[in-house]
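Asks: Handing you a structure now.
The values are calculated or read from the model by the stated rules, or taken from the named source; none is laboratory data. Because the structure is a prediction, the values reported are computed rather than measured. Cβ placement follows ideal geometry from the backbone for every residue including glycine, while neighbour counts extend to all protein chains displayed. Remember, those area values only see protein heavy atoms, side chains included, never the ligands or the DNA or RNA. Shrake-Rupley method; radii C 1.70, N 1.55, O 1.52, S 1.80 Å.
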Amino acid sequence: MRRTLIALCAVSTLALTSCGLQSGSAVPLAVEPGSITAQPGLEGAELTVGSKDFTEQIILGYILEFALEAAGANVRDLTNISGSNSTRQAMISGQVDVTYEYTGTGWINYLGNETPIPDATEQYDAVRDADKANGIVWVNPAPMDNTYALAMNQQTAQETGVKTLSDYAALVQRDSAAAAVCVETEFNSRQDGFPGMAAAYGFDANAVNRQILQTGIIYQATADGSQCKFGEVFTTDGRIKGLDLVVVEDDKLFFPRYNATVNLRQEIADRYPEIAEITAPVSAALTIDAITELNKQVDVDGREPAEVARDWMVQQGFVTAGAD
């Protein structure tokens, strides 16, 4: 999974470049206040926003930057950091002040737990409480959940009648050839991937023909429907909408929850409590449909992440566009 990641880099000023970190830059597009108004406590505050280096994370980073700029902060852009562990270490070391992180990533990858918590709220509560010891504050979990799923094209959905993973398990039992699936290497072997899913839904994983492909190829191959009847996807990937794929419902809530949540260093959260206030409605608006559409505009339509993020913030009324 793309959240499990590159080798840990010890972040220091001298190590920034080797960890994929640059010195940062100004926010790329201008915004003015909207429903997010100037906050006296944030006026002139120097804040660095970070993100990982894939489309969704970069969009989320810009969304945070525009929210903080509209509230009066001076924001340094440190989006596009290479890998989760580098982003995490940048937070802990004070190179990054604010970012969006996923609850499942925090719980499993950073805190070392092996068993996810199926309920999204309980997962958030657990990671929030446990990460206090590391000086990281979790606030405002979004409804969006970027977790694993299986998907299929419209024809396969009609032919098989599969809507849920329980339906998929029944399909495996009666016609395993029709349940052939394409997965990436890690998902094929992880216990929170295909083998664990098969055990949870009560079918033999080895009964299913599984082809190992790269993530990007799986989406198109699943849409074509010849090489892959089913394919592993991430639930907020814009190619699901762009290729008109149908996501199979995880009706037993097997896969971990990966709700994007605002992360702050404890020092920053204590000094600027306004950040939690102004980002609360922003997170609340980040549904699966909303972020999938934003990802699609970048990955399928070819737009720039900063433009996509600002347009969404303007459409939601959080900010107004400034003079670039």
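Asks: Once you mark the GluC sites (Glu not before Pro) that are in a DSSP loop and have at most 12 other Cβ atoms within 10 Å, what is the longest gap between them in the chain? Mind dumping the intermediate values first?
Replies: Numbers: sites that count: E43, E114.
It works out to 115-324.
Asks: Hey, another quick one. Give the accessible surface of segment 189-289 per residue, rounded to a whole number of Å², with probe radius 1.4 Å and ligands, DNA and RNA excluded.
Replies: For segment 189-289, the solvent-accessible area averages 41 Å² per residue.
Asks: Rounded, prolate or oblate: which fits segment 97-136 when a ≥ b ≥ c are the square roots of the eigenvalues of the alpha-carbon gyration tensor, with rounded for a/c under 1.5 and prolate only if a/b beats b/c?
Replies: prolate
Asks: With the cut-off at 1.5 for a/c, could you classify segment 170-222 from its C-alpha gyration tensor as rounded, prolate or oblate?
Replies: oblate
Asks: Continuing with this model, one more query. Would you mind working out the accessible area per residue for segment 21-124, using a 1.4 Å probe, and quoting it in Å²?
Replies: I get 34 Å² per residue for segment 21-124.
Asks: If you don't mind, another one. On C-alpha positions alone, give me the angle between the axis of helix 305-315 and the longest principal axis of the chain, in degrees, nearest 10.
Replies: 80 degrees
Asks: Could you go through segment 133-138 in sequence order and give the Karplus-derived ³J(HN,Hα) for each residue, using 6.51 cos²θ - 1.76 cosθ + 1.60 with θ = phi - 60°, rounded to whole Hz, and x for Gly and Pro?
Replies: Once rounded to whole Hz, the list reads 4, 9, x, 10, 9, 9.
Asks: Another question about this same structure. Would you mind telling me the share, in percent, of accessible area of segment 81-186 contributed by carbon and sulfur at probe 1.4 angstrom?
Replies: 45 percent
Asks: Consider the candidate values (i) 40, 26, 17; (ii) 36, 21, 17; (iii) 55, 35, 16; state which one is semi-axes √(5λ) of the Cα gyration tensor in Å computed from the structure displayed.
Replies: Matching entry in (i) 40, 26, 17; (ii) 36, 21, 17; (iii) 55, 35, 16: (ii).
Asks: Just how large is the dipole of segment 184-283 about the Cα centre, in debye to the nearest 20, putting +1 at every Lys and Arg Cβ and -1 at every Asp and Glu Cβ? Present the calculation step by step, with values, prior to reporting the outcome.
Replies: On the way: 9 positive and 15 negative charges, 34 e Å.
The dipole magnitude comes to about 160 debye.
Asks: Carbon and sulfur: what percent of segment 247-287's accessible surface (1.4 Å probe)?
Replies: In segment 247-287, the share of accessible area belonging to carbon and sulfur is 53 percent.
Asks: Which number gives the lysine pairs in the chain that have C-alpha atoms under 28 Å apart and are eight or more places apart or on different chains?
Replies: Here the count comes out as 13.
Asks: With +1 on the Cβ of every Lys and Arg and -1 on the Cβ of every Asp and Glu, and nothing else charged, how large is the dipole of segment 126-237 about its Cα centre, in debye rounded to the nearest 20?
Replies: Around 100 debye, computed over segment 126-237.
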